[in-house]
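**Q** For reference, the structure I am asking about is given below.
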Amino acid sequence: MDGMLDVVVMAAGKGTRMKSARPKVLHRLAGRPMLRHVLDTVASLDARAVVVVTGHGAEQVEAASTPDALAGKLGFVRQEPQRGTGDAVRFAAPSLRADGTVLILNGDVPLIAADTLRALAAAARPDALALLTIELDDPTGYGRIVRDGAGLVQAIVEQKDASEAQRAIRETYTGVMAVPGARLGGWLARLSDDNAQKEFYLTDLVAMAVADGVAVQAVRTRDAVEVAGVNSPLQLSQLERAYQRRQAEAQLEAGVRLADPARFDLRGRLHCAADVEIDVGCIFEGVVELGEGVRIGAHCVIADARIAAGTVVHPFSHIQGEKAGVEVGGNARIGPFARLRPGARLGDEVHVGNFVEVKNSTLAAGAKANHLAYLGDSTVGERVNFGAGSITANYDGVNKHRTTIGDDASIGSNCVLIAPVTIGAGGTVGGGSTVSRDTPPGTLTVARARQVSLERWKKPTKKAAE
Ligand code: UD1
Ligand code: CA
């Protein structure tokens, strides 16, 4: 099959049942657009061409990010107007070759697995068409697989066209088909829209294949999650939960102790060393690495971060690495209610407490900012203590500037360090100071109005009523 496979992904439909301005295939499952899930899977197939059929919201769909692995192979064709799945493939046909197999996928079936697609493509031959089917307890809405007395597939009948007896059939079409390329064009040309939805159904290819003496192979899967189609917000939310359940179970099997697999969300990749504990309601995004024995408290959101062994992140903390990433050393204490933004690099045993925000700053080993503070664009030395209510004023309204705090310095409460500024090692800045010039090492700097107590002051007395 290698080198002889072309793939079509249909993504032109309006997705009316989503009741959304956003094209259906761009709705997200586990943080990624549904179409992206399909394309990431297709990227591992070694197809020679991949054609995505767009239509409704075409600009948006075509602008969405695609896997690097498909660069040079992926093309878009626009189907205008959208007159059904068979019509969609007609638009793709000029980009397909006749000498191989054409694998046709629905863009709204996001969790289809690469192995399943490989097996289906392998079941198609010049004289055989292959379909992926599944038996569902509730087949409502799906095309039904009609078989003859000998059990051979005869046709797919859409829900809206099905008779009462056909609606009782529980074997359904999953939306994935592998068609011999040499036959495809001829069959597409013969499609008609004489049906309940006045659409050209791709599924009508099956009856045509049977009529032409081409074998129809129904490859059955048992995995309803893998082939679930998303047509409504309810179905999307149900598939999200099913997918998250699987991811949670994979983490549990790997030894991660999730407090509750039903309250765990992974929208990316999570790599955990031994003895990691994760409390309820946490969300992980991008790529997150947790070292041995890391504990994550309830309701943390952690994206694109590396957290080293023994560190504890207390509840309600938000770690948001984005491109620059966040790194937290070993045996650190973060939160509760801490916010680590892109470029936060914390050394071993750093403490960042409640309502402390750190952005694009390095805190060396043992540094502490325990309460109500902002550290932006700063380099903070070892064992520095940054007091409650203190901030680095890193932004002059136009440019950002750096603050450097030497090892063992102590910044009192409610200080403003106006960058660019350097606080010398081992020095102390008195509480309430506004520091705009560098301070020498080992000194006490106090930069606030001197305290006065006025002796001749008289307390006001209450005026007599008139
Ligand atoms: C389709 C199948 C049904 C199957 C189900 C599985 C047909 C006629 N029916 O039904 O047998 O059980 O998938 O999920 O194929 N699209 C286009 N252009 C169009 C119409 C649709 O590109 O003109 C795209 C949609 O964006 C979507 C996919 O094709 O990604 C499927 O279309 P949808 O309308 O959702 O078909 P279903 O009713 O789910
Ligand atoms: Ca669908």
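**Q** Mind listing whichever residues of segment 193-221 are touching a Ser or Thr at 6+ places or on another chain (Cβ under 8 Å), assigned to a strand (DSSP E or B) and surrounded by 15 or more Cβ atoms within 10 Å (Cβ to Cβ)?
**A** Step one: list which residues in segment 193-221 are touching a Ser or Thr at 6+ places or on another chain (Cβ under 8 Å), which gives 199-204, 218-221.
From what is left, the residues that are assigned to a strand (DSSP E or B) are 218-221.
Of everything in segment 193-221, those that are touching a Ser or Thr at 6+ places or on another chain (Cβ under 8 Å), assigned to a strand (DSSP E or B) and surrounded by 15 or more Cβ atoms within 10 Å (Cβ to Cβ) turn out to be 218, 219, 221.
**Q** I would also like to ask the following. Please specify each residue of segment 258-277 satisfying the condition of being open to solvent by less than 50 Å² (accessible area, probe 1.4 Å) and not aliphatic (A, V, I, L, M).
**A** Keep residues of segment 258-277 that are open to solvent by less than 50 Å² (accessible area, probe 1.4 Å), which gives 258, 260-261, 264-266, 268, 270, 272-273, 276.
Residues satisfying the conditions are 260, 261, 264, 265, 268, 272.
**Q** Just to be sure I understand, how many residues within segment 105-115 are of a type in the set (A, V, I, L, M), closer than 17 Å to residue 88 by Cα and either away from ligand 2 (no atom under 13 Å from the Cβ) or assigned to a loop (DSSP other than H, G, I, E, B) (or both)?
**A** Looking only at segment 105-115, we keep the residues that are of a type in the set (A, V, I, L, M), and these are 105, 109, 111-114.
Narrowing the set further to residues that are closer than 17 Å to residue 88 by Cα leaves 105, 109.
With either away from ligand 2 (no atom under 13 Å from the Cβ) or assigned to a loop (DSSP other than H, G, I, E, B) (or both) added as a condition, the list becomes 109.
Residues flagged as of a type in the set (A, V, I, L, M), closer than 17 Å to residue 88 by Cα and either away from ligand 2 (no atom under 13 Å from the Cβ) or assigned to a loop (DSSP other than H, G, I, E, B) (or both) within segment 105-115 amount to 1.
**Q** Check segment 201-220 and report whether any residue there is of a type in the set (Phe, Trp, Tyr) and more than 16 Å from ligand 1 (Cβ to nearest atom).
**A** At the first step, the residues of segment 201-220 found to be of a type in the set (Phe, Trp, Tyr) are 201.
Going one step further and asking which of them are more than 16 Å from ligand 1 (Cβ to nearest atom), we end up with none.
No, there is no match, as no residue in segment 201-220 is of a type in the set (Phe, Trp, Tyr) and more than 16 Å from ligand 1 (Cβ to nearest atom).
Matching residues to (1) touching a Pro at 6+ places or on another chain (Cβ under 8 Å); (2) in the same structural domain as residue 379 (by TED's automatic domain parsing); (3) crowded, with 20+ Cβ neighbours inside 10 Å:
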position: 290; (1), (2), (3): no, yes, yes
position: 298; (1), (2), (3): yes, yes, no
position: 306; (1), (2), (3): no, yes, no
position: 309; (1), (2), (3): no, yes, no
position: 340; (1), (2), (3): no, yes, yes
position: 349; (1), (2), (3): no, yes, no
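**Q** Can you find, within segment 1-30, the residue that is farthest from ligand 2 (Cβ to nearest atom) among those that are assigned to a helix (DSSP H, G or I) and not hydroxyl-bearing (Ser, Thr, Tyr)? Before the answer, list the steps.
**A** First pass over segment 1-30, keeping only residues assigned to a helix (DSSP H, G or I): 16-18, 24-26.
Then drop every residue that is not not hydroxyl-bearing (Ser, Thr, Tyr), which leaves 17-18, 24-26.
Numbers: 17: 9, 18: 10, 24: 8, 25: 10, 26: 15 Å.
Filtering segment 1-30 for residues that are assigned to a helix (DSSP H, G or I) and not hydroxyl-bearing (Ser, Thr, Tyr), the one farthest from ligand 2 (Cβ to nearest atom) comes out as 26.
**Q** Sticking with this structure for a sec: For segment 121-156: of the residues being of a type in the set (A, V, I, L, M, F, W, C) and within 15 Å of ligand 2 (Cβ to nearest atom), which is most open to solvent (accessible area, probe 1.4 Å)?
**A** Initial filter on segment 121-156 (of a type in the set (A, V, I, L, M, F, W, C)): 121-124, 128-132, 134, 136, 145-146, 150, 152-153, 155-156.
Filter once more, so that each one left must be within 15 Å of ligand 2 (Cβ to nearest atom): 132, 134, 136, 156.
On the way: 132: 2, 134: 5, 136: 28, 156: 10 Å².
This residue is 136.
**Q** Another question, if that's okay. Give just the number: which of (1) within 16 Å of ligand 2 (Cβ to nearest atom); (2) out of contact with any Lys or Arg (no Cβ under 7 Å at 6 or more places or on another chain); (3) farther than 22 Å from residue 208 by Cα does residue 118 not satisfy?
**A** (1)
**Q** Sticking with this one: From the list 150, 178, pick out the single residue that is more than 13 Å from ligand 1 (Cβ to nearest atom), in contact with a Leu (Cβ under 8 Å, 6 or more places away or on another chain), small (Gly, Ala, Ser) and not in a helix (DSSP H, G or I). Don't jump to the end; show me each part of the working.
**A** Numbers: 150 fails: in contact with a Leu (Cβ under 8 Å, 6 or more places away or on another chain).
So the residue among 150, 178 that is more than 13 Å from ligand 1 (Cβ to nearest atom), in contact with a Leu (Cβ under 8 Å, 6 or more places away or on another chain), small (Gly, Ala, Ser) and not in a helix (DSSP H, G or I) is 178.
**Q** Related question: Go over the candidates 461, 404, 439, 445 one by one and state the one that is more than 23 Å from residue 355 (Cβ to Cβ) and surrounded by fewer than 13 Cβ atoms within 10 Å (Cβ to Cβ). Lay out the reasoning, then the answer.
**A** On the way: 404 fails: surrounded by fewer than 13 Cβ atoms within 10 Å (Cβ to Cβ); 439 fails: surrounded by fewer than 13 Cβ atoms within 10 Å (Cβ to Cβ); 445 fails: surrounded by fewer than 13 Cβ atoms within 10 Å (Cβ to Cβ).
That would be 461, the only listed residue that is more than 23 Å from residue 355 (Cβ to Cβ) and surrounded by fewer than 13 Cβ atoms within 10 Å (Cβ to Cβ).
Residues are listed down the side, and each one gets a yes or a no for (1) within 10 Å of ligand 1 (Cβ to nearest atom); (2) open to solvent by 30 Å² or more (accessible area, probe 1.4 Å):
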residue: 33; (1), (2): no, no
residue: 39; (1), (2): no, no
residue: 48; (1), (2): no, yes
residue: 53; (1), (2): yes, no
residue: 61; (1), (2): yes, no
residue: 65; (1), (2): no, yes
residue: 68; (1), (2): no, yes
residue: 74; (1), (2): no, yes
residue: 81; (1), (2): yes, yes
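**Q** Only one of (1) farther than 21 Å from residue 360 by Cα; (2) not in a loop (DSSP other than H, G, I, E, B) is not met by residue 404, so which one is it?
**A** Residue 404 satisfies all of (1) farther than 21 Å from residue 360 by Cα; (2) not in a loop (DSSP other than H, G, I, E, B) except (1).
**Q** Please enumerate the residues belonging to segment 88-105 that are open to solvent by 40 Å² or more (accessible area, probe 1.4 Å) and either in contact with a Cys (Cβ under 9 Å, 6 or more places away or on another chain) or within 9 Å of ligand 1 (Cβ to nearest atom) (or both).
**A** Initial filter on segment 88-105 (open to solvent by 40 Å² or more (accessible area, probe 1.4 Å)): 90-91, 94-95, 97-99.
Once the filter is applied, which keeps residues that are open to solvent by 40 Å² or more (accessible area, probe 1.4 Å) and either in contact with a Cys (Cβ under 9 Å, 6 or more places away or on another chain) or within 9 Å of ligand 1 (Cβ to nearest atom) (or both), segment 88-105 yields only 91.
**Q** Report whether or not residue 246 is over 30 Å from residue 16 (Cβ atoms), out of contact with any helix residue (DSSP H, G or I) (no Cβ under 9 Å at 6 or more places or on another chain) and either within 16 Å of ligand 1 (Cβ to nearest atom) or charged (D, E, K, R) (or both).
**A** Values: over 30 Å from residue 16 (Cβ atoms): no; out of contact with any helix residue (DSSP H, G or I) (no Cβ under 9 Å at 6 or more places or on another chain): yes; either within 16 Å of ligand 1 (Cβ to nearest atom) or charged (D, E, K, R) (or both): yes.
Judged against the criteria, residue 246 is not a match.
**Q** Do you know which residues across segment 50-73 are out of contact with any Lys or Arg (no Cβ under 9 Å at 6 or more places or on another chain) and closer than 15 Å to residue 34 by Cα? Reasoning before the result, please.
**A** Looking only at segment 50-73, we keep the residues that are out of contact with any Lys or Arg (no Cβ under 9 Å at 6 or more places or on another chain), and these are 51-52, 59, 61, 63, 68-72.
Selection gives 52, 61, 63.
**Q** Still on this structure, please answer the following. With the requirement that a residue be β-branched (Val, Ile, Thr) and either touching a Pro at 6+ places or on another chain (Cβ under 9 Å) or not in a strand (DSSP E or B) (or both), what does segment 40-98 give you?
**A** Once the filter is applied, which keeps residues that are β-branched (Val, Ile, Thr) and either touching a Pro at 6+ places or on another chain (Cβ under 9 Å) or not in a strand (DSSP E or B) (or both), segment 40-98 yields 41, 42, 54, 61, 66, 77, 85, 89.
The values are calculated or read from the model by the stated rules, or taken from the named source; none is laboratory data. Since the model is a prediction, treat every value here as computed from it, not as a measurement. Virtual Cβ from ideal backbone geometry, glycine too; neighbours counted across all protein chains shown. Ligands, DNA and RNA are stripped out before the accessible areas are found, and what is left, the full protein with its side chains, is counted by its heavy atoms. Shrake-Rupley method; radii C 1.70, N 1.55, O 1.52, S 1.80 Å.
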